[in-house]
Amino acid sequence: MSGLQNRRGFLATVSSVCAAGLIGSAKSFAQEAPPETTTLRLAKIKGICIAPQYVAEELLRAEGFTDIRYVVMESGVPLSRSLGRGEIDFSANYALAHVVAIDAGEPITVVGGEHLGCFELFASGRIRSVTDLKGKNVGVPSLGSSPHLFLSAIVAYVGLDPLKDIHWVVTSSIKPMDLYADGKIDAFLGFPPEPQQLRAHNIGKVILNSALDRPWSQYLCCMLAAHRDFVRKHPIATKRALRAIIKATDFCVNAPTRVAQQMVEGDFTTQYDYALQMLKEIPYRRWREFDPEDTIRFYSLRLREAGVIKSSPDKIIADGTDWRLFKELKSELKG
Amino acid sequence: MRAAIGLALLVLMAVELRSSGTVHQIRQDRVLPRIGPAPEFTLTSQDGEKFALANLRGKVVAVTFIYTSCTSTCPVLTPMMSFVQDQLGADFGAKIAFVSITVDPERDTPEVLKEYAQAFGANLAGWSFVTGSSEAIQDVRRRYGVFALKAANGNVDHTFLTSIVDRRGILRVQYVGVGFDLNEFRRDLLSVLQEP
């Protein structure tokens, strides 16, 4: 934390930058039509892998948004449901959570991909692969939570039945990571900053890293979505928000120390070191390499075979995705 | 600056290998999109003269953002541009121009920019390094969609964005970061140049 700028200095800098953004907002990026709305509500969750949207504020202002709010909420499926209820306008979230929400009929539209490689499966010493999890104690915060859904998909992919073959350990008071560190469970699925925290203390063994291990490394983890009506009524605002957050991924790649600092200053995390480590580990630069529809199809198939959703991948894609703006951006933003 | 140039040369060698590799996927978009009119600006060149983007109308222009005391990524981007400059041959200067805008105008005076340009082998007949008031620079980078914040130690953390502007002043494409394919960048410059 020694490299942190003091809060007053930081806020002064940000204020001047934001003021400039406000003054010039009428002549926004490349003089396209201005956004149909200047208000944008984004999610603020405990998970820190969606860092790009936490540091995109100036870029969003440059795109013409003047009222940018971060709404505190739970990550995973609850976030996607909040989108569906119109409590926020736009956010990154786990692809899998979006799929579950679309299957449940939530009016959300996934509009683009952001990054891959969020989660890591930690297991005790005698477990070497996912198939070894059969009959083992696997910790999750709750049944239906994102870690539970991800793990159900992961074990189903190797032929295990998530309902019969895994002994799910659910505790509301103690985090699965703590149970794992104490040797009380055999495995758990970690999301940033948990993997970074365990590595810092040299605890545990990773048997699946979604940034490296196939097939998970071939698909996006977090994807950007908005309420269906927001996309329909505000296509320019949607494209501008998408562009700002995609550009912010480059800031995460090129200035991780500054981004980690900004996340602390903005109260998005208290753990600077873990945020910095996470920013260095997640391959944010690879957003354009993956077809977002492939990711939705992949997770729809996995969740369907795990018995979590009923809809076919085609129905999920038809009901809850629109890639037109993302495709436009891909042709406008190379890299 | 010497250490930075040394680092840059090493990186450029890697970039060049990557660009010529058979594994690399070559994307061939037929016609680049027309994003909209490129944000105009009037700043000051490395020679201390007034410099306006509008004066380059009729040429294809690549606009990028750097600062001279950067020791991390800018020393990668500038040699990349220099490499493409050399590959463009007679078209460079006559038909294609580069503009590097500093994001650190307090330190990057015209004299400093000129020294930087020479250190990286920039052909100033077609490549301008420009500065201006803090307010003017902030306005330009914001309109191009570049994020920059100056730290207490003087370093400027910023996003990397290289924009191609066509002969009519229309913004056609932007390259995010410094990992882009130099062959594709050169091809895009030439394809825009060949448009009627």
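General observations
- Pairwise label distance in nanometres, residue B:42 with residue B:194, each label 7 Å out on the Cα-Cβ vector: 3.7
- Inter-label distance for residue A:163 and residue B:31, nm, one decimal - labels placed 7 Å from Cα along Cα-to-Cβ: 5.5
- FRET efficiency for the pair residue A:229 and residue A:305, taken as 1/(1 + (r/R0)^6) with r the Cβ-Cβ distance and R0 = 30 Å, rounds to 0.40.
- Theoretical FRET efficiency, 1/(1+(r/R0)^6), r = Cβ-Cβ of residue A:318 and residue B:50, R0 56 Å, to 0.05: 0.50
- Counting beta carbons within 10 Å around each of A:171, A:37, B:131, B:162 and listing the fewest first gives the order A:171, A:37, B:162, B:131.
- Helix axis angle, A:7-23 relative to chain A longest principal axis, alpha carbon, degrees: 50
- Residues in segment A:278-285 carry Karplus couplings, in order, of 4, 5, 7, 8, 7, x, 4, 5 Hz; the curve used is 6.51 cos²θ - 1.76 cosθ + 1.60 with θ = phi - 60°, and Gly or Pro positions show x.
- Shielding by other protein chains, B:145-158, mean Cβ within 10 Å: 6
- Nitroxide proxy distance, nm - points 7 Å out along Cα→Cβ at residue A:33 and residue A:170: 4.7
- Its DSSP H runs of at least 4 residues, each contributing -39,500 (n - 2.57), put the calculated 222 nm mean residue ellipticity of chain A at -13000 deg cm²/dmol, to the nearest 500.
- Partner chain coverage, peptide A:246-256 - average Cβ within 10 angstrom: 6
- FRET efficiency for residue B:168 and residue B:135, using Cβ-Cβ distance with R0 set to 41 Å, rounded to 0.05: 0.90
- Ordering B:81, A:263, A:223 by the number of other Cβ atoms within 10 Å of each residue's own Cβ, fewest first, gives B:81, A:263, A:223.
- Taking A:66, B:73, A:295 and counting other C-beta atoms within 10 Å, the order from fewest to most: A:66, B:73, A:295
- Residue list for segment A:149-184, given a label point 7 angstrom along the Cα-to-Cβ vector of residue A:126 and an amide N cut-off under 16 Å: A:167, A:183-184
- Percent of beta bridges antiparallel (DSSP, segment A:110-250, rounded to nearest 5): 65
Coordinate-derived values only; no laboratory data. All values derive from a computational prediction rather than experimental measurement. No Cβ is skipped: glycine too gets one built from the backbone with ideal geometry, and neighbour counts run over all protein chains shown.
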